[in-house]
Amino acid sequence: MDPRNGLTEDGIFQFEQLTYNETYHTEEAVRSFLKTTFMTDEGGKLAPGTDKTYARLFWEVGSEKGREVSPFHLASRVIQEQGQGTSQLISGTYPGYVGYYNYFNISASGQTDKEVVESGLKYAKSKGWTDAEKSIRGGTNVISANYIKRGQDTLYLEKFNVTPNNTYNHQYMQNISAPTSEALTIKNLYKEAGALGSAFVFKIPVYENMPGTPCGIPEVSTDVVLKLPAGYSDATVWLDGVACAGEVRNGSLIAV
């Protein structure tokens, strides 16, 4: 969360304001970025259920008056959510929800893949998202109205909400590394478009009582430390119905 961790060539774009800029947010620039993704228009590929390319959709939706969201942000957010484009949430073929799409994974949640897919498609069905344009347009409305227009207008603030609106709450994503990884995607998009030399507006929070050096980025650890419940001394506990053996160290169980 320490903003100084994002002050790098790759990380800085998590602080870019996510509003539309006609100078470099062009349809051709979006097309250039999408050419290596599942949303490329090579071979005449169109977005499902439409007569438009994905590049055209992102540019049209992002540049419309009253919405005005960076089409680069919209495109990178779909890539972040959908990866290679193989999710059932955008297949249009999931049983019980044939013909429905949820490109931004709005309201897709649950403990299992099935729950996540069905909750997301249930939301899409309730909104009438029967093609790619309706899904992208509807998802953009959610992002614009609920986040960007409420002051959470950077990737950083969408994840770490320190604005006066629902402070410490109302996060868009759970992944703590999402702002950093999406920032790199955005940077590469600008590079492909030849726009890295453009003027950008960065909105970087400064906190009171910050330490002299940046807080360290969390390290990967394979140790899971579990406090033993009162009355237990055995080195076996159950995790989600599975017996988990380990070694007790200083009153804690180190699962192995």
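The values are calculated or read from the model by the stated rules, or taken from the named source; none is laboratory data. Note that this is a predicted model, so its numbers are computed, not measured. For neighbour counting, all protein chains shown are included, and Cβ atoms are generated from backbone atoms with ideal geometry for every residue, glycine included. Note: areas computed on protein heavy atoms with side chains; ligands, DNA, RNA excluded. Shrake-Rupley method; radii C 1.70, N 1.55, O 1.52, S 1.80 Å.
Pick from VAL248, VAL201: which is at pLDDT below 80 and β-branched (Val, Ile, Thr)?
The conditions single out VAL248.
For the stretch 61-85, enumerate the residues that are in contact (Cβ under 8 Å) with a residue 24 or more places away in the chain and either more than 24 Å from HIS25 (Cβ to Cβ) or among the acidic types (Asp, Glu) (or both).
GLU68, GLU81, GLN84
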(request) For the stretch 122-150, name all the residues that are within 17 Å of the chain's Cα centre (by Cα) and either open to solvent by less than 20 Å² (accessible area, probe 1.4 Å) or in contact (Cβ under 8 Å) with a residue 40 or more places away in the chain (or both). (result) SER135, ILE136, ARG137, GLY138, GLY139, THR140, ASN141, ILE143, SER144, ILE148
(request) For GLY216, work out the one condition from (1) part of a helix (DSSP H, G or I); (2) more than 28 Å from GLU28 (Cβ to Cβ); (3) over 19 Å from the mean Cα position of the chain (by Cα) it doesn't fulfil. (result) (1)
(message) Looking at (1) closer than 24 Å to ALA29 by Cβ; (2) free of Cβ contacts under 8 Å to residues at least 40 places away in the same chain, which one does THR154 not meet, given that it meets all the others?
(response) (2)
(message) Please go through (1) free of Cβ contacts under 8 Å to residues at least 40 places away in the same chain; (2) of a type outside the set (Gly, Ala, Ser); (3) open to solvent by less than 60 Å² (accessible area, probe 1.4 Å) for LYS52 and return the number of the only condition it doesn't satisfy.
(response) (1)
(message) If THR23 satisfies all but one of (1) more than 30 Å from THR163 (Cα to Cα); (2) loosely packed, with under 15 Cβ neighbours inside 10 Å; (3) over 21 Å from the mean Cα position of the chain (by Cα), what's the number of the condition it fails?
(response) (1)
(message) Can you say whether TYR156 is modelled with pLDDT under 90, surrounded by 15 or more Cβ atoms within 10 Å (Cβ to Cβ) and within 20 Å of GLN80 (Cβ to Cβ), as far as the supplied structure shows?
(response) no
(request) State all residues of the stretch 85-121 that are open to solvent by 70 Å² or more (accessible area, probe 1.4 Å) and of a type in the set (Asp, Glu); if no residue qualifies, say none. (result) ASP113, GLU115
(request) Sort out for me the helices (runs of 4 or more DSSP H) sitting completely within the stretch 21-135 that have 3 or more residues that are out of contact with any Ser or Thr (no Cβ under 8 Å at 6 or more places or on another chain) and within 23 Å of GLU182 (Cβ to Cβ). (result) 27-34, 54-63, 71-82
(request) Might you let me know whether the stretch 187-204 holds any residue that is within 13 Å of the chain's Cα centre (by Cα), small (Gly, Ala, Ser) and surrounded by 11 or more Cβ atoms within 10 Å (Cβ to Cβ)? (result) no
(request) With the condition kept exactly as written, say whether any residue in the stretch 179-189 is out of contact with any Gly (no Cβ under 7 Å at 6 or more places or on another chain) and outside any helix (DSSP H, G or I). (result) no
(request) Count, please, the residues in the stretch 151-186 that happen to be over 10 Å from the mean Cα position of the chain (by Cα), over 18 Å from THR19 (Cα atoms) and hydroxyl-bearing (Ser, Thr, Tyr). (result) 3
